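Q: The structure is given below, and queries will be raised subsequently.
The values are calculated or read from the model by the stated rules, or taken from the named source; none is laboratory data. Not measured: the values here are computed from a predicted model. Here the Cβ positions follow ideal geometry from the backbone for every residue, glycine too, while neighbour counts run over all protein chains shown. When the accessible area is computed, the model is the full protein with side chains, heavy atoms only, and any ligands, DNA or RNA have been set aside. Shrake-Rupley method; radii C 1.70, N 1.55, O 1.52, S 1.80 Å.
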Amino acid sequence: MPYLEESYDVVVVGAGHAGCEAALACARLGLETIMFTVSVDSIALMPCNPNIGGSSKGHLVRELDALGGEMGRNIDKTFIQSKMLNESKGPAVHSLRAQADKQDYTREMRRTLENTDHLTIRQAEVSEILTESGRITGVRTFSGAVYHGKAVVLATGTYLNARCIYGDVSNPTGPNGLQAATHLTDSLKANGIEMYRFKTGTPARADRRSIDFSKMEEQLGDRKIVPFSFSTDPDSVQKEQVSCWLTYTNEKTHEIIRANLDRSPLFSGAIEGTGPRYCPSIEDKVVKFPDKERHQVFIEPEGLYTNEMYLGGMSSSLPEDVQHAMYKTVPGLEHVKIVRNAYAIEYDCINSRQLKATLEFKAVEGLYSGGQFNGSSGYEEAAVQGFMAGVNAAMKILGRDQYVLDRSQAYIGVLIDDLVTKENHEPYRMMTSRAEYRLLLRQDNADLRLRTIGHEIGLVSDEEFEKTLKKERDIAAETERLEKTNIGASQKVQDFLRRHKSTELKTGATLAELVRRPELDYVMLSEIDEKRPDLPDDTAEQVNINIKYEGYIRRQRQQVAQFKKLESKRLDVDFDYSAVNSLRKEAVQKLNLYKPMSIGQASRISGVSPADISVLLVYLEQRRHRETNV
């Protein structure tokens, strides 16, 4: 029986946030790309929270944008509220978060995909990967059609053998009741790929008209909006924003939950998958924090053209009747009408330690993987992995060097390094605390860190790259001017200092010295700085941070230099570590399993101790001497 047969350069399986970024990267690099989805209506779907960014996740989106990805540009077109989080803290943890109009976000991303040259979208379920002598050759769909490809990127999200659960109800569907993908797992296992079973969840959606907002705290967006994308004109995103709202659970809520824990599939054993520790369900919170009198509940609009409101902070898999009872105990939700029940979702994903740092499978050449399929959680984590998997698939086909961002370069580097070197028994979530060099890896300087790489890849235009180079020059010139400009103890200066509760000058001082004072900053000094150039806000921000945190930044750069030394000590991926007699057995097993690319990466593998690294360094040095003297 004849079947459809087509050939492409790259095959992308999945059209969520990872799949979209992978497909766009490959197509924009000129490769003929086909992207499969079980439903074209699920392209860039936001099945859970209606926002992009947040603590540490905002860093990922801005880094993705700096490299040439699409997510930042897309949210800038479709946001309905924007807020810079953690502004009361230092710049290392500032993070942008934007509420999205869910339908607009999906529609706009789909429009971008459909109008990208070299990109084909196909609605079909991929049921099998095709390999030959340990190398990927393409995929087969459930209908029997064969699509040949030089590389395949798997970005299946939460759809593989998905099951949505609340109470006794268990539906074999993907998120939002969409079709699950039920055939690919067996093919992956047959190719030696180890699978995990993970879980995530989502709260109920409610009808806006049934909510009493007068009993809640209004959460407004920023007066001055900062765009996610470095390509977006800041003036174009200054617009009227919608409000979000904050309320809290109470002891009555917790009593209802505790009384019905025996009916929760999370505690009865009906849910087998492991859930994210840092995004627990409300029943999890009540059990694990019994002394806490209340938990936050964020009421967030799903869009401008719908009355659906997202009840953030109260994800659950409790039965329907319990959900209705517990939500109605929350102030402002006493008469709430539920539009969609909360549910947990179980799905198949991989053990990400099977991947190289390029996100290519060690066991199957040309097969790449990105997103929640890698055992991570979140739209943002998914998008950056999909992008890097797509870029490296393209690089392999084009015969170019593949890209691996290290931990000192980007949050993306931290995320991927953690996934491929650490044992992750739950969905991985990015957090600022995971980044050792977070003062250098700020969200505000992502373009200065990564635009060069995006330009090298071919996904950042010459025009955008030149803008970044000009910004670098302007920052350097203005920093030098401030360091060299002395300001005397004039009456105007002394009045200014008194007004800002800053110590008056006894002698002259440089403008940079004043910027370093905790109570002052670069913007304030415009009042007494007569020769100040007119700089864009983002450039002025860099000048302020570079001067104010100069000592801390210098110290962290020294730490990075030490880190780079270990990263530069390359390891042969085919090396048999059992040849190193003094290594502990566990270290030998783990090193032979992971096959690290460098001493630095080896040092981060669970089960490899600092003593093992010392032994390895001595062995490598002795071997180098032997080879030199031969």
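Q: Mind scanning 224/470; 199/328; 77/199; 199/585; 199/564 and naming the pairs with a C-alpha gap bigger than 28 Å?
A: 77/199; 199/585; 199/564
Q: In what sequence, highest mean first, do 139-145, 540-546, 318-324 appear when ranked by Cβ atoms within 10 angstrom?
A: Those peptides, ordered most packed to least, come out 540-546, 318-324, 139-145.
Q: Per the Kirkwood treatment, what hydrodynamic radius in Å, one decimal, follows for region 83-161 from the mean inverse distance over all distinct Cα pairs?
A: 16.7 Å
Q: Given Cβ point charges of +1 (Lys, Arg) and -1 (Asp, Glu) and nothing else, what value in debye, to the nearest 20, does the dipole of region 74-132 about its Cα centre take?
A: Result for region 74-132 is approximately 420 debye, rounded to the nearest 20.
Q: Give me the dipole magnitude in Debye, nearest 20, for the chain about the Cα centre, with unit charges on the beta carbon: positive for Lys and Arg, negative for Asp and Glu.
A: Roughly 1640 debye for the chain.
Q: Report the one residue of 228, 15, 625 whose Cα lies farthest in the direction of the positive end of the charge dipole of the chain (charges on C-beta: Lys and Arg +1, Asp and Glu -1; origin at the Cα centre).
A: It is 625.
Q: Using only the Cα atoms of region 576-630, construct the convex hull and provide its projected area averaged over every direction, in square nanometres to one decimal.
A: 3.7 nm²
Q: Now, a different point. In whole Å, how far is the Cα centre of region 301-349 from that of region 546-589?
A: First find each Cα centre; the distance between them is then 46 Å.
Q: Order the peptides 374-384, 188-198 from the highest to the lowest mean number of other Cβ atoms within 10 Å of their residues.
A: Peptide ranking by packing, descending: 374-384, 188-198.
Q: Find the Rg to Rh ratio for the chain, where Rh is the Kirkwood radius over alpha-carbon pairs and Rg uses the same atoms.
A: 0.99
Q: Tell me, Kirkwood radius of region 341-489 from alpha-carbon pair distances, in Å?
A: 17.6 Å
Q: Can you send over the carbon and sulfur percentage of the accessible area for region 172-271, probe radius 1.4 Å, protein chains only?
A: The value for region 172-271 is 48 percent carbon and sulfur by accessible area.
Q: Where does the charge balance sit around residue 141 when Lys and Arg score +1, Asp and Glu -1, over other residues with C-beta under 12 Å from its C-beta?
A: Net local charge, residue 141 excluded: -2.
Q: Right, here's the next one. Starting from the 7 Å offset along Cα-to-Cβ, what nm value, one decimal, do you get for the label separation of residue 526 and residue 293?
A: 4.5 nm
Q: If you roll a 1.4 Å probe over region 446-488 with all protein chains in place, what percent of the accessible area is carbon or sulfur?
A: Within region 446-488, the accessible surface is 54 percent carbon and sulfur.
Q: Next up: How much of the accessible area of region 1-88, probe 1.4 Å, is carbon plus sulfur, in whole percent?
A: Answer for region 1-88: carbon and sulfur cover 50 percent of the accessible area.
Q: Another question, if that's okay. Limiting things to C-alpha atoms, what are the Rg and the maximum Cα-Cα separation (Dmax) for region 1-112, in angstroms?
A: My reading of the Cα-based Rg and Dmax gives 16.4, 67 Å.
Q: Another question about this same structure. How large are Rg and Dmax for region 456-536 when calculated on the C-alpha trace, in angstrom?
A: 16.7, 54
Q: Compute the accessible area per residue over the chain, keeping the other protein chains in place, probe 1.4 Å, unit Å².
A: Ligands and nucleic acids excluded, the figure is 43 Å² per residue.
Q: Out of all DSSP beta bridges with both ends in region 1-105, state the antiparallel percent to the nearest 5.
A: 70 percent
Q: If you plug each phi of region 40-50 into the Karplus form 6.51 cos²θ - 1.76 cosθ + 1.60 with θ = phi - 60°, what whole-Hz ³J(HN,Hα) values come out, in order, with x for Gly and Pro?
A: For region 40-50, the Karplus-derived couplings read 5, 6, 9, 4, 6, 5, 10, x, 10, 5, x Hz, x marking Gly and Pro.
Q: Viscosity 1.306 mPa s, temperature 10 °C: give me the Stokes-Einstein translational D for region 544-617 in µm²/s, with Rh taken as the Kirkwood radius over C-alpha pairs.
A: The Stokes-Einstein estimate is 116 µm²/s.
Q: In whole Hz, with x marking every Gly and Pro, tabulate ³J(HN,Hα) for region 504-521 from phi via Karplus 6.51 cos²θ - 1.76 cosθ + 1.60, θ = phi - 60°.
A: Listing the rounded values in order: 5, 7, 8, 10, x, 8, 7, 4, 5, 5, 6, 4, 6, 5, x, 7, 10, 8 Hz.
Q: Please report Rg (one decimal) and Dmax (integer) in Å for the Cα set of region 259-395.
A: Over region 259-395's Cα set, Rg and Dmax evaluate to 19.0, 56 Å.
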